[in-house]
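Derivation of every value follows stated rules applied to the coordinates shown; laboratory data play no part. Keep in mind it's a predicted model, so treat the numbers as computed, not measured. Cβ coordinates were reconstructed from backbone atoms using ideal geometry, including for glycine residues, and neighbour counts include every protein chain displayed.
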Amino acid sequence: MPGRLEVATGDITRLAVDAIVNAANESLLGGGGVDGAIHRAAGPELLAHCRTLGGCPTGEAKITPGFRLPAKHVIHTVGPVWHGGGRGEPERLASCYRNCFRLAQAHGLRSLAFPAISCGVYGYPPAAAARIAVAECRQALADNPGLEQVLLVAFDETMASLLRQATAAS
């Protein structure tokens, strides 16, 4: 049976899943929003580990232990900055999800939680990002029967509503 896709509202750093996804910047050394919250909750060990990874290009992903988080792992991915959609932003955002799912499968992970990648300071239009997130998650669930649960976690009800609409529409 393919896994389940759910929308949740709340703090991704409190979830006891196999991996939470970090909407990171290319340095992987922390920042604002979800990235900063994950680094604070995981403790200084996460920053020390990320310093050994040499950064991460946009659209790619890297995995680390979760350290002090309830999640066992953190998958760091770098979403695209929105420049109007003509610079490959949709494909680069989809690539974030695909690469996270590839790492999850390679590491035998069964549950993942994603934030709204690129929807904060990177300015990606939330409704468009939600449609890409749902499409990529559905495809990954169909392709990986070992994946039991994928959570799309919104920090607020506005984003959660867009994610629920995208889930219902597809």
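Quick notes on this one:
- Relative to the Cα centre, the charge distribution of the range 97-170, modelled as +1 at Lys and Arg Cβ and -1 at Asp and Glu Cβ, gives a dipole magnitude of about 160 debye.
- Candidate values (1) 11.5; (2) 8.6; (3) 10.8, label of the one derived for mean projected area of the Cα convex hull in nm²: (2)
- Taken about its Cα centre, the chain carries a charge dipole of about 180 debye when Lys and Arg each add +1 at the Cβ and Asp and Glu each add -1 at the Cβ.
- Take the Cβ atoms of Ser161 and Arg68, set R0 to 41 Å, and the FRET efficiency comes out at 0.85.
- Relative contact order (%) - criterion: Cα under 8 Å, at least six apart; region: the range 1-134: 29 percent
- Lys, Arg +1 and Asp, Glu -1 on Cβ, resulting dipole of the range 73-135 about Cα centre, debye, nearest 20: 140 debye
- Length-normalised contact order for the range 110-170 - Cα pairs under 8 Å, 6+ apart - percent: 49 percent
- Most tightly packed first, judged by the mean number of other beta-carbon atoms within 10 Å of their residues, the peptides 96-104, 81-89 read 96-104, 81-89.
- Of all DSSP-defined beta bridges confined to the chain, some 25% are antiparallel rather than parallel.
- Inter-probe distance in nm under a simple model that places probes 7 Å from Cα toward Cβ, at Ala135 and Ala106: 2.5 nm
- Spin-label model, His83/Asp11: points 7 Å from Cα along the beta carbon direction are separated by 3.7 nm.
- For the range 56-170, the relative contact order comes to 24 percent (Cα pairs under 8 Å, sequence separation of at least 6).
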